[in-house]
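This report concerns only the one structure given below.
The values are calculated or read from the model by the stated rules, or taken from the named source; none is laboratory data. As the structure is a computational prediction, the values presented were derived from the model and not from experiment. Neighbour counts are summed over all protein chains in view; Cβ atoms, including those assigned to glycine, are modelled from backbone coordinates with ideal geometry. The protein model used for the area step is the full one, side chains on, heavy atoms only, and it has no ligands, DNA or RNA in it. Shrake-Rupley method; radii C 1.70, N 1.55, O 1.52, S 1.80 Å.
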Amino acid sequence: MNIQKILAIAVFWVISFSSIAQNQQEIQQVVEQAYREFKGIQEGKNADYIKELAKVDSSIFGIVMVDTDGNIYSAGDHFSQVSIQSVSKAFVLSLVLNQSGPAVIKENVGANATGFPFNSIIAMEINRESGINSMVNAGAIATTSLVNGETANDKWEAIVSKLSEFAGRTLEVDEPVYISEAGDNQRNVAQAHLLKAYNKIYFDADQSVDIYTRQCALSVHARDLATMAATLASGGINPITNKRVVSAEAVSYTLPVMATAGLYENSGKWLYQTGLPGKSGVGGALIAVVPGKFGIAVVSPPLDEAGNSVKGQLAINYIVEKLKLNPYLVASNP
Ligand code: GLU
């Protein structure tokens, strides 16, 4: 190789590395801007139908992005913990897809949006034949009942260890949240028994609700959630631990269900604005997945009427717009 060639390669690498560094700096700046822009927003209110959630500090606000190389960008309270609640639904779905393949979900749960709130019984009635989806309570309880395992404990162990692999650390149940919801979740118990009447639950109804309630009470922070979302963005490999957590196929069937129903009855509006699969939880967590690029997570407990974090939606919308992350945004050549 002559000297010119060596110099040309060296210049190329210097330029590429500095543009990556510049890019990373820009991402961090946008995350910080989003934090500053929405920190003062007072709208929304903590969920209170689970009494323990009403006690969570409403001022918690953390934003984290993790890219598929494992770089982390963050602002605010990124280590403040909340219960994962319905965000767990996306990861338990991917666990079942990973264990049993896509046909099991299509045939036994369904993958249609309901257009109704997360705990709607009317949605179950209307969609009795066509099926619902794993992002609303009834479908999520059915999905949890499909996790492999002879006993409730086997199923629970499979869930907690898989969700921990997604997060890259051992997750633990917030016991007061679990006890509070378990004592007060007659509606979920009713839905599980209705599923049983329809032959759409695949394990003991009461035990399935109990496992589901525990999975919802797992304690997470924005860094965990962004890592979990980034694992989906990376086709099932956790970009921080570099461990394969679920198959690429499992991810490819999880993301469309999130896109269809991840923000309950506001899922269409969310997709219209961001173009991204997302999932919210009534604990105040919200994640979005930019396939092949990023996991984004926000934790902020005050929710809108549909049960989605107000600041979460604002911050993710802002980031998606500033960094042009909407996958439907195709810049055509002039
Ligand atoms: N554990 C909650 C419930 O079943 C989850 C709801 C949610 O986050 O949307 O009501």
Selection over the range 60-83 where residues are farther than 20 Å from Val290 by Cβ, within 15 Å of the chain's Cα centre (by Cα) and among the β-branched types (Val, Ile, Thr) yields a count of 1
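Would you pick out the residues in the range 63-86 that are within 16 Å of the ligand (Cβ to nearest atom) and out of contact with any Asp or Glu (no Cβ under 6 Å at 6 or more places or on another chain)? Outline the logic, then answer.
Residues of the range 63-86 that are within 16 Å of the ligand (Cβ to nearest atom), as a first pass: 81-86.
The answer is Gln81, Val82, Ile84, Gln85, Ser86.
Being within 17 Å of the chain's Cα centre (by Cα) and modelled with pLDDT under 95 is the filter; apply it to the range 87-132 and report the residue that is nearest to the ligand (Cβ to nearest atom).
Once the filter is applied, the top-ranked residue is Phe118.
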Taking the residues in the range 278-334 that are outside any loop (DSSP other than H, G, I, E, B) and polar (S, T, N, Q) as candidates, determine which candidate is farthest from the chain's Cα centre (by Cα). Asn317
What are the pairs, 6+ residues apart or on separate chains, where a residue within the range 212-226 that is closer than 24 Å to Gln186 by Cβ and open to solvent by less than 10 Å² (accessible area, probe 1.4 Å) has its Cβ under 9 Å from a residue that is within 9 Å of the ligand (Cβ to nearest atom) and assigned to a strand (DSSP E or B)? Cys216/Ser83; Ala217/Ser83; Leu218/Ser83
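Could you tell me how many of the residues in the range 292-334 are of a type in the set (Lys, Arg), in contact with a helix residue (DSSP H, G or I) (Cβ under 7 Å, 6 or more places away or on another chain) and surrounded by fewer than 24 Cβ atoms within 10 Å (Cβ to Cβ)?
Restricting attention to the range 292-334, the residues satisfying the condition of being of a type in the set (Lys, Arg) are 293, 311, 322, 324.
Next cut, in contact with a helix residue (DSSP H, G or I) (Cβ under 7 Å, 6 or more places away or on another chain) only: 293, 311, 322.
Applying the additional criterion that residues be surrounded by fewer than 24 Cβ atoms within 10 Å (Cβ to Cβ) yields 293, 322.
Total meeting the criteria: 2.
So is Val177 in contact with a strand residue (DSSP E or B) (Cβ under 7 Å, 6 or more places away or on another chain), buried (at least 21 other Cβ atoms within 10 Å of the Cβ) and either modelled with pLDDT under 95 or in a helix (DSSP H, G or I) (or both) or not?
Working: in contact with a strand residue (DSSP E or B) (Cβ under 7 Å, 6 or more places away or on another chain): yes; buried (at least 21 other Cβ atoms within 10 Å of the Cβ): yes; either modelled with pLDDT under 95 or in a helix (DSSP H, G or I) (or both): yes.
So Val177 fits the description; yes.
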Given (1) touching a strand residue (DSSP E or B) at 6+ places or on another chain (Cβ under 8 Å); (2) outside any helix (DSSP H, G or I); (3) open to solvent by 50 Å² or more (accessible area, probe 1.4 Å); (4) within 15 Å of the ligand (Cβ to nearest atom), number of the condition Asp184 does not satisfy: (1)
Residue check for Ile240: open to solvent by 10 Å² or more (accessible area, probe 1.4 Å), β-branched (Val, Ile, Thr) and at negative phi: yes
Going by the structure shown, is Ala288 touching a helix residue (DSSP H, G or I) at 6+ places or on another chain (Cβ under 8 Å) and either at pLDDT 95 or above or surrounded by 24 or more Cβ atoms within 10 Å (Cβ to Cβ) (or both)? yes
Looking at the range 251-269, is at least one residue within 16 Å of the ligand (Cβ to nearest atom), assigned to a loop (DSSP other than H, G, I, E, B) and not acidic (Asp, Glu)? yes
Does Ser280 qualify as being buried (at least 24 other Cβ atoms within 10 Å of the Cβ), within 16 Å of the ligand (Cβ to nearest atom) and of a type in the set (Gly, Ala, Ser)? yes
Sole miss for Val160 among (1) assigned to a loop (DSSP other than H, G, I, E, B); (2) within 16 Å of the ligand (Cβ to nearest atom); (3) closer than 26 Å to Lys243 by Cα; (4) open to solvent by 10 Å² or more (accessible area, probe 1.4 Å) is condition (1)
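For the range 140-154, what are the residues that are open to solvent by less than 10 Å² (accessible area, probe 1.4 Å) and more than 14 Å from the ligand (Cβ to nearest atom)?
We begin by selecting, within the range 140-154, every residue open to solvent by less than 10 Å² (accessible area, probe 1.4 Å); these are 140-145, 147.
Within the range 140-154, Ser145, Val147 qualify.
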Could you check how many residues of the range 33-47 are more than 16 Å from the ligand (Cβ to nearest atom), in contact (Cβ under 8 Å) with a residue 60 or more places away in the chain and not in a loop (DSSP other than H, G, I, E, B)? 5
Taking interchain pairs and intrachain pairs at least six residues apart, which have beta carbon atoms under 8 angstrom, with the first residue in the range 182-195 and farther than 9 Å from Val209 by Cα and the second open to solvent by 50 Å² or more (accessible area, probe 1.4 Å) and within 11 Å of the ligand (Cβ to nearest atom)? Asp184/Tyr49
